[in-house]
Amino acid sequence: MPFPRSYRGTVASRGYAEGALFSLAAEAVPYRSSNNPALESDRLRDAIAIAASELTSLVVSASGDAADILEFQLAMVEDDALSEPALALIAEGKDAVEAWRAALDAETETYLTSDSEYFRARAADLRDIAGRVLRILTGANDIEPPPGAILVGEDITPSVFLGRNWSKGGAIILRQGSAASHVAMLARSRGVPMLVGVAGFDGEGGEPALVDAEAGAILLSPDAETIGGFRAAAEKGRSVRAVAGAMANKPAVTADGTAIAIHINVASPDELAGIDAATCDGIGLMRTEFLYGQGDLPDEEAQYDAYSRVLDWAAGRPVVIRTVDAGGDKPVPGFTVDESNPFLGLRGIRLALAKPDIFRVQIRALLRAAPHGHLRVMFPMIATAAEFSTAKALFLEEAGALGAGLPQLGIMVEVPAVAVAPALLKDAAFFSIGSNDLTQYVMAAGRDNGAVAGLNDVTHPAVLELISRVVRYGADHGIPVSLCGDAGSDPAAIPALLAAGLRSLSVSPAQLPLAKLAISGVKLGG
Ligand code: PEP
Ligand code: MG
């Protein structure tokens, strides 16, 4: 019988949630291909054998129609003809998951379009079989988390986060994870409470939980009195947000009257539903890599559609769309490469330039979407002037072919080399400080590693010194400087950022009112 227990973790996204726990188990872990066809074939054969033995046990305990269905599925799963097309795809270079999915999708389609009603009815069985083998291959759970569930796992990938409907509430508890990870950012931007680094968490699926992601506390199987206290605290937290909410439509101004430009960070046009563009000065960062993580690489039309929707929403306000920043903690199957140290490897602009055919698709989509509004394009992870000029040359080539104009091209300042020597990038139209990466590289403390979270501090004097250096260089040379890292959304960091000279921030949408409230309390003096 569960008994009341409490745990502590690091706040990655603020808020309160009350609900039942749901274990993500292996579901959140992406399938890692061995890149070895023989091994992939073995993995698939093993998964099929496990599926067959699961079905055999189910057949034994079933009766009537259920037994007939299971027997049919068992016969199919044991038939070599079912796995042959998938094994052929593996021999061509696909991994076990891709191959199985593709082969079973094709087979199901054949069943669905069959003239025989018997076969059409069997398509559902095929889907069941496909799902069972996939869950075994990936280690995924077979049950969907119920609405409002509090997801618990070691870590969670962006695609699992994005695949979930958060409108019914819920929260995330991770035993590992980091407040600076991309999922944490997504959680903040959607207002999903999230705690990371919750060591020793042993909550069970279905157990009732209270998540206080303001104080970093979790209570499991609470008694009635604790629930009452929690609800009162949650109510109080909501009223601070309400005070901030009253500022949502006002411009951001410090206590002594300095106007601060405030933009928002987004990852997809869907996030903009319900946000009034008049509450901000535009979009300071659209992270495009999340368009890439959902299966196949997005084609030009899909990207054109996403970018033009965001530009339309902004109604003439500036929109900074960042070219794909895959790699690091954002692997994209079919694009990124396996590396021992991905944060120091082929990510951001390095990867885009290494795979120009993929990059050119994005460039064309951006150039075609530009007439929808005020587009500014930004390159991630720039370390050298040569990277900037090579990327610009690709834009010039594609613009020439399309007969399109060239948007303003700026850069993220997130590699310390550029923050130390910004003059090397004097040809960039604007700078946007990526404090998440800048901090991790300056402090040598991985943004995805909870064990060194204390070192990952944007207010460390070394990080602030670099930020003010870039701000001064920009002011002296007419290059606008903003900051789009998560520090801009953190009320506790905002005074230090403004003191470092920044007058333009880009924040996650859920934090916009709180950022304005924090700005209104800052006295710059002098
Ligand atoms: C950053 O590094 O601060 C940034 C905004 O980029 P990302 O978090 O997407 O790496
Ligand atoms: Mg970055």
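The values are calculated or read from the model by the stated rules, or taken from the named source; none is laboratory data. Predicted model, so just to flag it, every value in this text is computed and none were measured. Note that each Cβ is placed from the backbone with ideal geometry, even for glycine, and that neighbours are counted across all protein chains shown. Surface accessibility is based on the protein's heavy atoms, side chains included, excluding ligands, DNA and RNA. Shrake-Rupley method; radii C 1.70, N 1.55, O 1.52, S 1.80 Å.
Each label point was placed 7 Å from the Cα along the Cα-to-Cβ direction; for A259 and A49 their separation is 7.1 nm. Here the simple spin-label model places points 7 Å from the Cα toward Cβ, and for A233 and N165 these points are separated by 3.1 nm. The heavy atoms of E98 present about 80 square angstrom of accessible area, all protein chains included, probe 1.4 Å. For Cα pairs less than 8 Å apart in space and 6+ apart in sequence, what is the mean separation divided by the residue count of the chain, i.e. the relative contact order in percent? Over the chain, the number comes to 16 percent.
For S13, the residues 5 or more places off, or on other chains, whose built amide H falls under 5 Å of its own are M194.
Ligands, DNA and RNA are left out, and with a 1.4 angstrom probe the accessible area of region 221-327 is 43 Å² per residue. To the nearest 10 degrees, how steeply does helix 224-245 sit against the main Cα axis of the chain, on a 0 to 90 scale? The two axes meet at around 40 degrees. Residues in region 202-211 carry Karplus couplings, in order, of 10, x, 9, x, x, 6, x, 9, 10, 10 Hz; the curve used is 6.51 cos²θ - 1.76 cosθ + 1.60 with θ = phi - 60°, and Gly or Pro positions show x.
Remark: C-alpha extents of the chain on the principal axes read 83, 67, 40 Å, sorted largest to smallest. Take the Cα of E92, step 7 Å toward its Cβ, do the same at D276, and the gap between the two points is 5.3 nm.
Estimated purely from DSSP H runs of n ≥ 4, each contributing -39500 (n - 2.57), the mean residue ellipticity at 222 nm for the chain is -13500 deg cm²/dmol once divided by its residues. Cross-link pairs exceeding 24 Å in C-alpha to C-alpha distance, out of K94/K355; K168/K236; K330/K426; K330/K516; K355/K392; K168/K250, comprise K330/K426; K330/K516; K168/K250. First compute the accessible area of the chain with a 1.4 Å probe, then give the percent of it belonging to carbon and sulfur atoms. For the chain, the apolar C and S fraction of the accessible surface comes to 55 percent. Quick one: Debye curve from the alpha-carbon atoms of region 168-267 only, equal weights, vacuum; give me log10 I(q)/I(0) at q = 0.14, 0.23 Å⁻¹ to two decimals. Debye intensities relative to I(0), on a log10 scale: -0.72, -1.33. Note that region 235-353 carries a Kirkwood radius of 16.7 Å, evaluated over its alpha carbons pair by pair. Quick one: dipole size for the chain, taken about the Cα centre, charges +1 on Lys/Arg Cβ and -1 on Asp/Glu Cβ, in debye to the nearest 20. With only Lys, Arg, Asp and Glu charged at Cβ, the dipole is about 2840 debye.
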